[in-house]
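As structure tokens, the structure follows; a few thoughts come after it.
The values are calculated or read from the model by the stated rules, or taken from the named source; none is laboratory data. This is a predicted model, so every value here is computed, not measured. We place every Cβ from the backbone using ideal geometry, glycine too, and count neighbours over all the protein chains shown.
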Amino acid sequence: MDQDYKKLLRNFHQARWDEPIIFEMSTPGERGVLVPAASAEVQEAIGDEAAIIPESLRRKAKPALPEVGQMRVNRHYMRLSQQTLGNDVSVDIGQGTCTMKYSPKVQEHLVRSNPDIADIHPLQDESTMQGLLQIYHETEKYMKEISGMDAFSFQPGGGAHAIYANALIVRNYFKDKGEDRDEIVTTIFSHPADAGAPATCGFKVVDLMQDNELGYPTLEAFKEALSEKTAAVFITNPEDTGIFNPRIAEYVQAAHDVGALAVYDQANVNGIMGITRAKEAGFDLIHYNLHKTFSSPHGGMGPGVGALGATKELEPYLPVPQVKFDGEKYYLDCGLEKTVGKVRAFFGNAAILVRVYMWIRSLGPEGIREAALCSVLNNQYTVKKVSAIPGVTMYYADGIRRIEQCRYSWEQLKEDTGLGTEDVTRRLVDYGMEHYWQSHHPHIVPEPFTLEPTESYSKKDLDEFIAVLQQISWEAYNDPDIIRTAPHNAPVHGIKNYYETDPEKIMCSWRQYLKKTAK
Amino acid sequence: MLVAAILKKDGEVDMVTLGLIINPIAGVGGRAGLKGSDGEDIQKLALARGGTLEAGAKAEVALAELADLKGEICFLARPGAMGGDVLEKLGFSYQAIEGSFESARMPRSDGAVDSPPAKSSDSAADLQSGAGAATSAEDTVEAALQMASAGVDLLVFAGGDGTARDIYRAVGLSVPCVGIPAGVKIHSAVYANNPKSAGQVIRRFCANPTTASMVESEVMDLDEDLVRQNIVEAKLHGYLTVPRMQNLMQQAKASARFSAHDIEGIAAEIADLMQAKAESTVYIFGTGGTTYKVMEHLGLQGSLLGVDVVAQDGRRRIVLADASETELYECVKDAGEVVLIVTAIGGQGHIFGRGNQQISPRVIRLVERDNLWIVSAAEKIYGLENNTLHVDTSDPELDRELSGYRKVITGWQERIVCKVEA
């Protein structure tokens with residue numbers, strides 16, 4: 001039953017509980033908690049408790065929640081947890097662009113159990129949460145040092161949110177200058193939110209395709225996209241492919257030459273933190289995703305922080321409140337004259353700031369730089385091994401090193417065997433690996449998959465993941481049926497590559513399910 | 001001839017019905033170095049030069065992907081080399097349909113624009129191949145018509161660009177189709193990338209025949225006589241309805257699975273741009289499915305394979321439909337401002353010189369740089385070789401002027417910068 005140390009493959013099998021959806025477990029009258037009646041004293045003080053809620057806001061019928069006892073609920077979710085894979089149980093380098101890394105558990109303990117953090121109410125007086133505000137303030141100092149920017153906001157709740165806030169700043173900035181600029185320029189391998197968030201903000205989008213030799217657009221094409229209508233460029237570097245544009249400063253200069261701002265999506269700065277800075281490349285606005293690069297757990301759509309950095313000139317536009325220090329005490333400042341306003345309730349996801357603060361303090365400047373170097377080293381090793389697997393190819397920039405991640409292609413495998421990236425990812429779970437990330441939209445690289453082996457993973461972890469890919473490639477050429485019928489060792493077997501596009505068949509909630517299946 | 005309908009009667013047998021047409025002669029000229037297999041003389045020459053008949057084998061590779069669906073699908077096919085042989089070999093049951101032509105007829109008259117429904121040219125020829133009964137374009141057209149009227153869910157055909165043209169002449173956009181690439185020339189986007197992919201496309205379609213996402217893709221063909229003189233001239237001949245399948249169909253190299261870019265967005269953008277122009281401006285809409293659909297959204301019934309001129313002084317209307325070069329030039333030469341709206345044709349990405357020769361150099365020269373509006377679904381741009389659009393106006397000087405980087409309209413308020421080369 002042990003891992004085969006020669007092949008590095010595990011004899012893995014996951015729990016399969018055949019567990020129903022919790023709504024299906026409902027037994028009328030069953031209760032998880034019996035809430036005690038209010039004491040006479042409380043009752044007297046509040047009077048008729050139902051009357052506290054105005055008539056117009058009261059439900060007419062009870063909510064259709066499942067009625068399940070506490071023990072069954074506990075068992076239900078324990079079983080579901082056994083049927084999942086994730087960062088804490090499997091080698092997660094398959095989640096390329098997500099920067100999955102180890103988040104030290106001591107950070108979790110502090111955030112969850114230290115009353116000075118866990119019990120804080122956002123409306124309590126500033127004087128009673130000086131410690132938390134100090135963490136904000138000092139973390140901002142570290143971010144300024146790492147990026148070279150002049151000020152930060154920790155208000156946005158994620159990367160795309162930060163890009164949107166940056167687009168708001170760009171819009172207001174040109175409104176104040178009286179310039180009519182309504183276009184933004186981005187590149188096809190930047191994160192899709194670099195096009196999507198500004199578009200939501202009202203900007204027209206001009207997209208640039210990659211040059212196949214460079215892997216990113218030529219400066220000539222970039223200049224062609226710029227005009228007196230360009231408000232800003234929103235770009236990632238290194239891009240999704242892991243390819244770094246070393247002439248980025250010239251691109252930024254080209255944007256400035258037409259009067260546009262340059263916005264740097266640094267959601268994933270893992271391969272270059274402590275090595276290059278946005279300031280030196282000339283950027284005006286940036287954001288970091290604190291919930292990946294900076295070691296707060298990432299996934300499940302939150303919680304996150306998109307740390308938004310700005311130059312001195314754009315600082316007045318930052319969202320509020322800002323945490324400031326007057327020499328004696330820390331306080332929340334809502335007084336920025338040109339602020340784009342509030343973009344999130346209170347002062348953002350405080351727990352994440354605490355984790356990030358701990359992580360930075362424990363690594364120090366040298367440690368942060370070393371983390372970047374290790375992640376790049378891990379990626380070089382992985383690229384070398386994975387690109388040699390039969391059926392795998394790499395697109396663009398032949399012979400150029402990828403920084404911290406790489407987008408590969410199973411195009412050759414597909415051509416040879418008819419099995420592509422979706423088939424491989426279904427088979428991955430049979431070896432205890434979470435499905436991998438294929439690609440952001442659009443899938444320009446055919447049959448894509450993206451691996452990002454951050455600094456957290458040991459050589460042994462990498463070897464195991466690579467061995468699994470090697471094994472699946474071998475199977476595709478020699479025993480394809482085992483892939484076609486995969487997964488075999490997961491809670492659900494034989495999943496089909498299936499995409500539902502008919503809105504009538506998509507059910508996102510129990511209520512929808514009941515409605516749409518009712519005959 | 002109502003086989004499919006009978007099978008489906010009262011929903012007793014809920015089977016997916018597939019029509020299968022193999023053009024057995026397709027591809028014969030490839031190995032013989034003849035750049036195609038159109039025309040009886042060429043086919044004879046190909047066989048004499050050792051050309052082999054491989055279309056059946058390619059269809060077999062594709063249909064083998066469906067081996068475990070035997071209980072869920074049924075076929076309509078001609079007996080013999082046009083389908084029956086392969087189906088029998090793989091153990092599929094099928095309903096045989098008989099043709100009325102006994103020997104080969106009707107080589108295509110290249111250069112002509114095909115139009116559905118079937119129109120046959122009259123040249124006749126016999127072909128003695130080594131593979132049993134000889135077949136012709138006429139057989140393909142007739143079989144496709146029979147299958148269409150039998151109500152097949154999907155028409156599967158194996159062949160090359162010529163075969164696709166025959167299918168288009170027979171059924172137009174009325175029947176979902178999938179091409180198994182077996183010909184020498186595959187420029188049409190109606191073919192899967194390879195026979196195996198074709199099998200997978202059919203398989204996925206069968207899982208969801210009524211709700212599968214479909215797209216109208218180009219039927220293109222080169223003039224083989226010109227190609228043999230090393231002159232490449234691809235023409236747009238029509239469109240077939242094919243399943244939209246990521247990575248499996250020709251030119252669908254880039255997946256559009258999550259793409260929201262669509263014709264509606266492009267049409268809205270064009271409407272906005274037209275709004276901002278002077279009333280006296282005239283608009284030339286080039287050939288192709290994208291411009292056709294854009295016109296439809298603008299409330300105009302354009303010509304799919306032709307060039308139309310639109311004016312919007314007073315109300316928006318077509319002032320010249322399906323124009324010839326001369327008509328077009330005469331119509332717009334004195335207009336105050338001319339806007340030219342063109343789309344990229346197929347995977348080669350030609351914006352001029354393929355299927356729209358009516359838009360001649362002297363017409364293009366009437367259009368200012370910013371008034372050339374190139375429209376395209378983003379997915380088509382992603383599928384271009386080297387992300388490059390091509391111009392081939394027959395005027396090298398003009399080709400040079402048109403070259404460089406251009407913003408292509410891919411949706412409402414969306415552009416992609418593309419390189420344009422001669």
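Some observations on this one:
- Matching residues, region A:253-280, being surrounded by 24 or more Cβ atoms within 10 Å (Cβ to Cβ) and closer than 27 Å to A:E228 by Cβ: A:A255, A:A260, A:L261, A:A262, A:V263, A:Y264, A:D265, A:A278
- Within region A:31-74, tally of residues that are within 23 Å of A:P20 (Cα to Cα) and surrounded by 10 or more Cβ atoms within 10 Å (Cβ to Cβ): 12
- Single condition A:S227 does not satisfy, out of (1) outside any helix (DSSP H, G or I); (2) in contact with a Phe, Trp or Tyr (Cβ under 9 Å, 6 or more places away or on another chain): (2)
Here's the yes/no breakdown for (1) of a type in the set (G, A, S); (2) surrounded by fewer than 24 Cβ atoms within 10 Å (Cβ to Cβ):
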{"residue": "A:P192", "(1), (2)": "no, yes"}
{"residue": "A:G196", "(1), (2)": "yes, yes"}
{"residue": "A:T200", "(1), (2)": "no, yes"}
{"residue": "A:A221", "(1), (2)": "yes, yes"}
{"residue": "A:K229", "(1), (2)": "no, yes"}
{"residue": "A:A232", "(1), (2)": "yes, no"}
{"residue": "A:I235", "(1), (2)": "no, no"}
{"residue": "A:P246", "(1), (2)": "no, yes"}
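- Residues that are under 25 Å from the mean Cα position of the chain (by Cα) and charged (D, E, K, R), drawn from region A:288-314: A:K292
- When region B:371-391 is limited to residues that are surrounded by fewer than 21 Cβ atoms within 10 Å (Cβ to Cβ) and modelled with pLDDT of 95 or more, the one that is farthest from the other protein chains (Cβ to nearest Cβ) turns out to be B:N371.
- Of all residues in region A:118-172 being part of a loop (DSSP other than H, G, I, E, B) and small (G, A, S), the one that is farthest from the chain's Cα centre (by Cα): A:G148
- Unique residue being charged (D, E, K, R) and outside any helix (DSSP H, G or I) when the list is A:D180, A:D176: A:D180
- Scan of region A:190-206 for residues that are within 12 Å of chain B (Cβ to nearest Cβ) and in contact (Cβ under 8 Å) with a residue 60 or more places away in the chain, ordered by number: A:P192
- Candidates B:T241, B:T291, filtered to the one that is modelled with pLDDT under 95, farther than 30 Å from B:A207 by Cα and among the polar types (S, T, N, Q): B:T291
- For B:P209: the one exception among (1) modelled with pLDDT of 80 or more; (2) within 11 Å of chain A (Cβ to nearest Cβ); (3) in a loop (DSSP other than H, G, I, E, B): (2)
- Residue match in region A:455-469 (condition: modelled with pLDDT under 95, part of a loop (DSSP other than H, G, I, E, B) and surrounded by 13 or more Cβ atoms within 10 Å (Cβ to Cβ)): no
- Contacts under 8 angstrom Cβ, first residue in region A:354-381 being more than 15 Å from A:V269 (Cα to Cα) and touching a residue at least 40 places away in the same chain (Cβ under 8 Å), partner assigned to a helix (DSSP H, G or I) and among the basic types (K, R), 6 or more apart: A:Y381/A:K459
- Cross-chain or 6+ apart pairs with Cβ under 8 Å, region A:214-236 first and within 11 Å of chain B (Cβ to nearest Cβ), then in a strand (DSSP E or B) and among the small types (G, A, S): A:E224/B:G404
- Among the residues of region A:411-452, those identified as part of a helix (DSSP H, G or I) and away from every other protein chain (no Cβ under 14 Å) are A:T425, A:R426, A:R427, A:L428, A:V429, A:D430, A:Y431.
- All positions within region A:27-81 that are part of a helix (DSSP H, G or I) and closer than 27 Å to A:A15 by Cβ: A:Q70, A:M71, A:R72, A:V73, A:N74, A:R75, A:H76, A:Y77, A:M78, A:R79, A:L80, A:S81
- Top-ranked residue in region A:78-102 [being more than 20 Å from A:F294 (Cα to Cα) and hydrophobic (A, V, I, L, M, F, W, C); ranked as farthest from the chain's Cα centre (by Cα)]: A:M78
- In region B:394-417, of all residues being among the aliphatic types (A, V, I, L, M) and either surrounded by 20 or more Cβ atoms within 10 Å (Cβ to Cβ) or under 27 Å from the mean Cα position of the chain (by Cα) (or both), the one that is farthest from A:V185 (Cα to Cα) corresponds to B:L402.
- Residue list for region A:243-287, filter: in a strand (DSSP E or B) and closer than 23 Å to A:R401 by Cα: A:Y264, A:D265, A:Q266
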